[in-house]
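A short write-up of the structure that comes next.
Bear in mind these aren't lab numbers, they're just calculated from the coordinates by the rules spelled out. Fair warning: this is a prediction, and the values are worked out from it, not measured in the lab. Note that each Cβ is placed from the backbone with ideal geometry, even for glycine, and that neighbours are counted across all protein chains shown.
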Amino acid sequence: MKQLVIIVFILNMVTPSAGYTQKGNYLLKPARVFDGKNMHEGWNVFVSNGIISEVGANIKPSGTYTTIDLPGTTMIPGMIEGHSHILLHPYNETSWNDQVLKESFAERVARATLHLKNSLLAGFTTLRDLGTEGAGYADVGLKKAVDEGIIPGPRLIISTRAIVATGSYGPKGFADHVDIPLGAEEADAGNIVKVVRSQIGKGADFIKVYADYRWGPSGEAMPTFSEEEIRLMVETAKSGGRYVVAHASSHEGMRRAILAGVETIEHGDGGTEAIFKLMKEKNVAFCPTLAAGDAVLQYNGWKKGSEKEPLRITEKRKSFQLALESGVKILAGGDVGVYSHGDNVRELELMVDYGMQPEDVLKAVTSGNAQILHMQDRIGSIKPGMLADLVAIAGDPTKDIKVLRQVKFVMKDGKIY
Ligand SMILES: [Zn+2]
């Protein structure tokens, strides 16, 4: 109880409106530390003014500091969600179409502030957000509000509106004389350079392109942009210090995006042995978003546990297995927003269920994701010099991934939430 008392005391004494302590000096004493790659029994972590300054057994920092005992817990680097939509909420609450067309930006932002808080308290201290889905540049404002301490939330890496080929994206099904706002920004060969530059100018940390979409004659996923068009986006983004990632589910959509130079492929349901081999060769990471399919199929009536697995799940298991065997880098990201924010661990549980070792999943969601996001010098590991993004979990997640739901302590940037 002693450690609990200390935390509550700190929160009551110095809590500003956003619900966190100020940066200070803290000696954190969990049972063990997972540093992003390996487990160390009996290690402690010393945080000084927002930065991890000492790590190891028997560390004895000088000066004044607060000691926080976290018995029985595993301290891990703050987790990194690889694929979120902070401006969406579960489709079984409100369909995607209705979110885009009927919810005001004000409502969507109000919801997003809660989504951010829930993500942070679930131990996710960084989110790579893959598009506002019709909410314009609202992610830019949300990111600023978090950075300025106005609302609690994870550090955001944002893509703003995302880019789709003309005619491919929804909402669809309206009379042709009705102008409908879309879930992303249209571009084609003639204006791709301008659209990429304008998204960067408005605050995009990276560019997301839909390399295919369900716009085939029977609603199947078919490629949208040509390889040349995607390459032009990549070159334009690169010269501004940004990278491009691609939504791609079809074999051909994936192939074009990989050859055009994107850094990650999202979903990748149509991935084959040859495609994953090509990804490994070109150093393109794979974000499988297992939880999105799992959720949508249940929204459509699949009774998981009591009914046979739908073909789409069986095939996803197979392609994920092929990806694991190929050695392609796996980015942990679930498309959270399709399901509840704060339930991010659902993806990690499915990664284990589909054949990945818990320890590898834990590496992926910390140091692995950090490396793929080019942020390995700041986050994803517990070692001196890194930002103090630290989470304590009751139990050992390398033995049972589910314990990642038992979050006992969250620190982001040296502040305790
Ligand atoms: Zn998504």
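Of the listed peptides 29-35, 380-386, what is their order by residue-averaged count of other C-beta atoms within 10 Å, with the highest listed first?
My ranking of the peptides, most packed first, is 29-35, 380-386.
Could you compute the net charge surrounding Ile382? Neighbours are other residues with a C-beta less than 13 Å from the C-beta of Ile382; K and R count +1, D and E count -1.
Surrounding charge for Ile382 is +2.
Given the DSSP H assignment, sum -39500 (n - 2.57) over each helix run of at least 4 residues in the chain and divide by its residue total; what's the result at 222 nm in deg cm²/dmol, nearest 500?
One gets -9500 deg cm²/dmol as the mean residue ellipticity at 222 nm.
What is the log10 of I(q)/I(0) for segment 339-391, computed with the Debye formula using one identical point scatterer on each Cα and no solvent, at q = 0.29 Å⁻¹?
Values returned for q = 0.29 Å⁻¹ are -1.08.
If you take the square roots of the eigenvalues of the alpha-carbon gyration tensor of segment 153-207 and sort them as a ≥ b ≥ c, do you get rounded (a/c under 1.5), prolate (a/b over b/c) or oblate?
oblate
Of Leu348, Gly337, Ala295, which is farthest along the charge dipole of the chain in the positive direction, counting Lys and Arg as +1 and Asp and Glu as -1 at C-beta?
Selected residue: Leu348.
Build a GNM of the chain with springs between Cα atoms under 10 Å: which of Lys304, Lys280, Lys143 gets the top mean-square fluctuation?
Maximum fluctuation in the GNM of the chain, among the listed residues, is at Lys304.
Note the full-extension length gain between Asp176 and Gln406 as 0.36 nm times their separation in residues minus their Cα-Cα distance, in nm to one decimal. Before the final figure, lay out the partial values.
Values: separation 230, 0.36 × 230 = 82.80 nm, distance 5.05 nm.
Gain in length upon complete extension: 77.8 nm.
Roughly speaking, what is the centre-to-centre gap between segment 326-405 and segment 92-159 when only Cα atoms are used, to the nearest Å?
A separation of 20 Å, based on Cα centres.
Starting from the Cα gyration tensor of segment 79-372, take the square roots of the eigenvalues, sort them a ≥ b ≥ c, and report rounded, prolate or oblate (rounded when a/c is under 1.5, otherwise prolate if a/b is larger than b/c, else oblate).
rounded
So if I place +1 on the C-beta of Lys and Arg and -1 on the C-beta of Asp and Glu, and nothing else carries charge, what would the dipole magnitude of segment 164-276 be about its Cα centre? I want it in debye, nearest 20.
Dipole magnitude for segment 164-276 comes out near 360 debye.
I'm a student and want to see the number: the projected area of the Cα convex hull of segment 262-392, averaged over all directions, in nm². Write out the running numbers ahead of the final one.
On the way: hull surface 35.5 nm².
So the mean shadow area of the Cα hull is 8.9 nm².
Quick one: Debye curve from the C-alpha atoms of segment 273-349, no solvent, what's log10 I(q)/I(0) at q = 0.22 Å⁻¹?
Rounded to two decimals, the profile gives -1.02.
What's the magnitude of the charge dipole for the chain around its Cα centre, counting Lys and Arg as +1 and Asp and Glu as -1 at the beta-carbon? Answer in Debye, nearest 20. Each step should come with its number before you reach the end.
Values: 47 positive and 49 negative charges, 223 e Å.
Result for the chain is approximately 1080 debye, rounded to the nearest 20.
Using mean Cβ contacts within 10 Å as the protection proxy, how do 224-236, 102-114, 170-182 order, highest first?
Values: 224-236: 20.2, 102-114: 15.8, 170-182: 10.9.
Peptide ranking by packing, descending: 224-236, 102-114, 170-182.
Computed FRET efficiency, Cβ-Cβ of Lys277 and Glu148, R0 45 Å: what is it to the nearest 0.05?
So, using R0 = 45 Å, E works out to roughly 0.50.
List the lysines whose Cα sits under 17 Å from the Cα of Lys408, skipping any in the same chain fewer than 8 residues away.
Straight-line reach from Lys408, under 17 Å: Lys2, Lys29, Lys117.
Using Cα pairs under 8 angstrom and six or more residues apart, how large is the relative contact order of segment 131-272, in percent?
Once normalised by length, the contact order is 20 percent.
Please tell me the relative contact order of the chain in percent, rounded to the nearest whole number, where contacts are Cα pairs under 8 Å and at least six residues apart. Provide the component values of the computation, followed by the final result.
Details: 930 pairs, mean separation 85.2, N = 417.
Contact order relative to length: 20 percent.
Along Cα→Cβ, 7 Å out, is where each label goes; now give me the distance between the ones at Asn58 and Tyr299 in nm to one decimal.
So the label points at Asn58 and Tyr299 sit 5.6 nm apart.
Less than 10 Å Cβ to Cβ from Glu229, Lys/Arg counted +1 and Asp/Glu -1: what total charge do the surrounding residues give?
On the way: positive: Arg231, Arg256; negative: Asp188, Glu227, Glu228.
Net charge in that neighbourhood comes out at -1.
Around Leu101, what is the net charge, scoring Lys/Arg as +1 and Asp/Glu as -1 over all other residues with Cβ under 14 Å from its Cβ?
-2
Would you mind telling me which residue in Ala292, Ala211, Ala364 has the biggest mean-square fluctuation in a Gaussian network model of the chain, where springs connect alpha carbons within a distance under 10 angstrom?
Ala292
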